[in-house]
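First the structure, in the form of structure tokens, and then the observations on it.
The values are calculated or read from the model by the stated rules, or taken from the named source; none is laboratory data. None of the values given here were measured: they were computed from a predicted structure. Because the Cβ atoms are built from the backbone with ideal geometry, glycine has one as well, and the counts that use them run over all protein chains shown. Ligands, DNA and RNA are excluded from the accessible area calculation, which covers all protein heavy atoms including side chains. Shrake-Rupley method; radii C 1.70, N 1.55, O 1.52, S 1.80 Å.
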Amino acid sequence: MRRRPLKTLTVLALASAVAAGTAVTANSAPQQSDSHQDIRNVIYLLGDGMGRTHVTAARDRYAGASGKLTMETLPNTGAVATYAVEKNSAKPALVTDSASSATAWASGVKTYNAAIGVDAYEKKVATLMEQAHAAGFATGNVSTAEITDATPAAQFSHALLRGCQGPVYSDAACLPKKDDGSYEQAPADKTLITPIAEQIARNGTADVILGGGLARFEPDDQKALQAQGYQVLGNFGDPALPAQTAASQKVATKVDLDKAAGKKVIGLFNRGNLTVEQNKAALPADAPQKQEPSLADMTRKSIQLLNDRKQGGSYDRNKSKKGFYLQVEGAQIDKRSHANDAAQTLAEVKAFDDAVKAAYEFAKKDGHTLVVVTADHECAGFNIIEKGTYTNAEAVAPPANTDAGNTANNSVPSRAASGAKDPVRSSGIVNGAGAGDAKNFGPATFRTPDDPADVKDGSPEASLWLTYLSGNHTGADVPIFAYGPNGNAFATSQINTELYGKLYRSLFGRSPQHH
């Protein structure tokens, strides 16, 4: 049984207190206003792990060198610095994880890696979604990951460690360790060690919740959700059984989602993360995973549900500025980048861009919606390399400096491409499963719309050559694109904590109070 350190959460009380104080043409963006007064809705989309090169490579792959992804047609563009800080300190940690990055834009504070909705000193901080919900906006949280995973979790939960997802509580998952290896003492605020699934099921922060992670929840979580008025798609388990199991739980399906019409809806379409789109496409028609919606499907439906939702009996979209706040995550870009799987990474960027298109099309028709598209961090040092060249990691020996007197001149290898690569590590389109596999360092090659029709993926003739520098996150800045009222506020170089203030001002028309 899970240990329940807290039954009645204080998240909403905190939120209420703080709230009071794919390709299209480049010239397709319609005229837009930059006035805060014109905003009713904010849709914040992020491609987890999506760096600038991910966007460029996906554009080359699917639209050609002169084409554009939908996100690239949004008229305001900039960059975001993503660093975290060390625990109990303001000292920068140059490479962030998803938890600290999501906390930065959701709450406006720098924090340590693995922290959810707390600052670097383990103090709970209100999230923008809590504040929007408390102020009467409709709210939604959508992800292709488990909905308890770091990025979605940072909008509607608080945890000292991102691994405290549920269904059970454990010190190892929920309590940080001290320098001597022992666990910290449990905090006075038991919310911070309450499993994230339990928090989500009871705090009512998001009106629409769509994603994966059914295995994180139990039958009593469904009961708690239904008591708050949620329409629960699928089933969280049979209360008569000793624990939630795959046999007793029923994942939601796209058919369930299409029929959903509640003011509050939760749909979990996989017991874990949703299925990678490329894998799903290759499955037989009767495979259960075929019943999962795409990220674009979930985005369109969540917009519909939130846009139709009435706040109390007096909500009138023609008279009230209060509309909705929606976060949408394309999580698998990061997960497939960790695996150094270029083919699936590109396909996930495309799937994410399809979701961007759904949001953008709504915003153009609505006229009162701000769309922001960015990432939490870059993953894996994804790179486009020159056709016919190879990475240092693939070489039998690294290239020598061609000018020993100029230490900056390290880019021109002294070896010829022919005969100088390691054939064991030249893997073409097939990449390995992790950093321990040397094949990960071979270039992956892909045809593009600019290639002749007979060119195949994995061939030397394919024009897009890709490689990785890492199996983990990097500290590179990430791109940001924006459309709609106040979209020009994002057309600059900024730190990820600044996004919170800009999103807050977009919703509320004023600057946030300091935490």
#### Entry: Among Leu469, Gly509, Phe446 - extreme Cα towards positive end, dipole of segment 440-515, charges at beta-carbon
Gly509
### Task
Loop only per DSSP, at most 14 neighbouring Cβ atoms within 10 Å: give me the trypsin sites (Lys or Arg not before Pro) in segment 128-205, ordered by residue number.
Lys178
### Task
Rank by packing, highest mean first: peptides 271-278, 51-58, 103-110, with packing defined as the count of other Cβ atoms within 10 Å averaged across residues.
103-110, 51-58, 271-278
## Note on the structure
Going residue by residue through segment 45-55, the Karplus relation 6.51 cos²θ - 1.76 cosθ + 1.60 with θ = phi - 60° gives ³J(HN,Hα) values, rounded to whole Hz and with x marking Gly or Pro, of 10, 9, x, 4, x, 8, x, 4, 5, 4, 5
### Task
Calculate the spin-label point distance for Leu469 paired with Glu361, positioning each point 7 Å from the Cα along the beta-carbon direction, and give it in nanometres.
3.7
#### Entry: Built amide H within the under 5 Å cut-off of Ala120, gap 5+
Tyr112
### Query
Where the centroid of each part is defined by its Cα atoms, how far is segment 82-108 from segment 464-515 in Å?
14
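On full extension of the chain, what length is gained from Asp450 through Ile385, given 0.36 nm per residue of separation minus the C-alpha to C-alpha distance?
Taking 0.36 nm per residue and subtracting the Cα distance, the gain is 21.7 nm.
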### Task
Work from the charge dipole of segment 44-191 (Cβ charges, +1 for Lys and Arg, -1 for Asp and Glu, about the Cα centre) and give the residue of Ser107, Tyr169, Leu69 farthest towards its positive end.
Leu69
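Within the accessible area of segment 26-182, what % is carbon and sulfur when the probe is 1.4 Å and the other protein chains stay in place?
Answer for segment 26-182: carbon and sulfur cover 48 percent of the accessible area.
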### Query
How would you rank 88-101, 205-218, 335-348, 144-157, highest first, on the average number of other Cβ atoms within 10 Å across their residues?
144-157, 205-218, 335-348, 88-101
## Note on the structure
Counting sequence-distant residues (5 or more places) and residues on other chains, those with an amide H built under 5 Å from that of Gly330 are Leu46, Gly47, Asp48
### Query
Percent relative contact order of segment 93-196, based on C-alpha pairs within less than 8 angstrom and at least six residues apart?
23
## Note on the structure
segment 36-97 -> Rg/Rh from Cα coords, Kirkwood Rh, value 1.10
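Determine, from the Cβ-Cβ distance of Gln226 and Ile495 and an R0 of 41 Å, the FRET efficiency 1/(1 + (r/R0)^6), rounded to the nearest 0.05.
The value I calculate is 0.50.
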### Query
Taking 0.36 nm per intervening residue step and subtracting the Cα-Cα distance, what contour gain separates Ala281 from Leu241 on full extension?
11.0 nm
### Summary
Between the modelled labels at Thr77 and Asp171 (7 Å from Cα along Cα→Cβ) the distance in nm is 5.2
### Task
Over all alpha-carbon pairs of segment 71-203, lay out the pair-distance distribution in 5 Å bins, whole %, shortest bin first.
2, 11, 19, 23, 20, 13, 7, 3, 2, 1, 0
### Task
Show me 227-239, 372-384 ranked by packing, highest mean number of other Cβ atoms within 10 Å first.
372-384, 227-239
### Message
Need one word for segment 28-149: rounded, prolate or oblate. Basis is the Cα gyration tensor (sqrt eigenvalues a ≥ b ≥ c); a/c below 1.5 gives rounded, then a/b vs b/c decides.
### Response
oblate
### Query
P(r) of segment 215-288 in 10 Å steps, Cα pairs, percent per bin?
18, 45, 29, 8
#### Entry: Vicinal HN-Hα couplings computed from phi for segment 87-95 (Karplus, 6.51 cos²θ - 1.76 cosθ + 1.60; Hz; Gly/Pro x)
4, 6, 7, 9, 5, x, 10, 5, 10
